[in-house]
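The values are calculated or read from the model by the stated rules, or taken from the named source; none is laboratory data. The shown structure was predicted, so the numbers you read here are calculated from the model rather than taken from an experiment. Quick reminder, even Gly has a Cβ in these numbers, built from the backbone with ideal geometry, and neighbours come from all protein chains shown.
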Amino acid sequence: MANSKSLAIFGGSGSPRLAQAIGRRLKLKLGRCETLSFSDGNTFVRVLDNVRGKDVFLVQTLSRPVNDRFMELLFYVDAFRRASAGSITAVIPFFSYGKGDKKDEPRVSIRARVCADCLEIAGVDRIVTMDLHAPQIQGFFRVPVDHLYGLSLIVEHFRRRAGRGDWVVVAPDVGFGEMARHYARALGARAVIAEKVRAGHDEKARVERIIGRVSGCNALIVDDFVTTGGTLIATAERLKAEGAKLVVAGVTHAVLGADAARRIDASPIEELVVTDTLEHPTRDLGKKISVVTAAPLFAEAIHSIHQRTSVSRLFRF
């Protein structure tokens, strides 16, 4: 049980259910706070509990509307600092701007770095997040970053099924190849890679070939986030075309655009497992999307940070 006299957990408007679940795991009632949006578009936050000298953890994912969620996060960090919190940790289950991790064309912003600077200037002492789009984003911060992985949650869901038949784990592009190999080792399977081509910023992908044998195998596609479902569906179609039997998928962050669930329902993917780093009404998830909770991992990380014990055991694959 956490010590409520020295630890306080708050939930922002982006993560109300996950924050509650983390609090239950720690047997701790969430702190009281409120977020208001005024008619002129401004955001107002207020902390309603005394946090003087406490280790404060704010759970706030960067879900839609992303910019509003991010500004809310900054304002809460500032409010906690001005309320004399002992330490402030931002628990950001999905760091949406992690996709802006490099300058890969002329005159563009490295958005993840700008966000890191803003959080540090606001006064954050530590970041806890899950499955950054690029692990090197940790280096954008000068404060500690605890980078958790959804791998253990997704692997646990598929472990029993993977014990039957010949399984392959599929990376939807070369960039996710190393993480796919970690999934494959955890499941006792082989890893293969889809060769993906994306022409522009229209989020449409084409899979030209699968690097590795998949004929007669069951395939698990893994990725860090899904928005339109286009990459997963294109990969699944290519896998079926090359003789794969069963195709399932495991993705940490379910961004899920308006039509994504319907497209996945109509695709060769038999099941898509996601975590609750992003929250959706169950009715919007369609028939094939299952959700596993990340609350135990985040709760354990918070407990370890508060107790000043090692968090590194949570990073092992």
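At-a-glance table
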| quantity | calculated |
| --- | --- |
| Subset of region 143-162 [without any contact (Cβ under 8 Å) to a residue 40 or more places away in the chain and not in a helix (DSSP H, G or I)] | VAL143, PRO144, VAL145 |
| Subset of region 304-317 [in a helix (DSSP H, G or I), buried (at least 17 other Cβ atoms within 10 Å of the Cβ) and either outside the structural domain of ALA19 (by TED's automatic domain parsing) or at pLDDT below 95 (or both)] | LEU314 |
| Complete set of residues in region 272-303 that are part of a loop (DSSP other than H, G, I, E, B) and within 29 Å of ALA241 (Cβ to Cβ) | GLY286, LYS287, LYS288 |
| Unmet requirement for ARG181, which otherwise passes all of (1) farther than 22 Å from THR277 by Cα; (2) modelled with pLDDT of 95 or more; (3) touching an Asp or Glu at 6+ places or on another chain (Cβ under 9 Å); (4) among the charged types (D, E, K, R) | (3) |
| In region 12-63, residue nearest to ASP276 (Cα to Cα) [restricted to those that are basic (Lys, Arg) and in contact (Cβ under 8 Å) with a residue 24 or more places away in the chain] | ARG17 |
| Qualifying positions in region 64-118 - farther than 29 Å from ALA21 by Cα and not aliphatic (A, V, I, L, M) | GLY100, ASP101, LYS102, LYS103, ASP104, GLU105, PRO106, ARG107, SER109, ARG111, ARG113, ASP117 |
| Segments classed as strands (runs of 3 or more DSSP E), wholly inside region 19-89, with at least 1 members that are of a type outside the set (Phe, Trp, Tyr) and within 23 Å of PHE225 (Cβ to Cβ) | 55-59 |
| Identity of the residue in region 163-182, under 17 Å from ARG213 (Cα atoms) and in a helix (DSSP H, G or I), that ends up nearest to the chain's Cα centre (by Cα) | ALA180 |
| Residue, farthest from LEU62 (Cα to Cα), within region 257-271, restricted to residues that are at pLDDT 95 or above and not in a helix (DSSP H, G or I) | PRO268 |
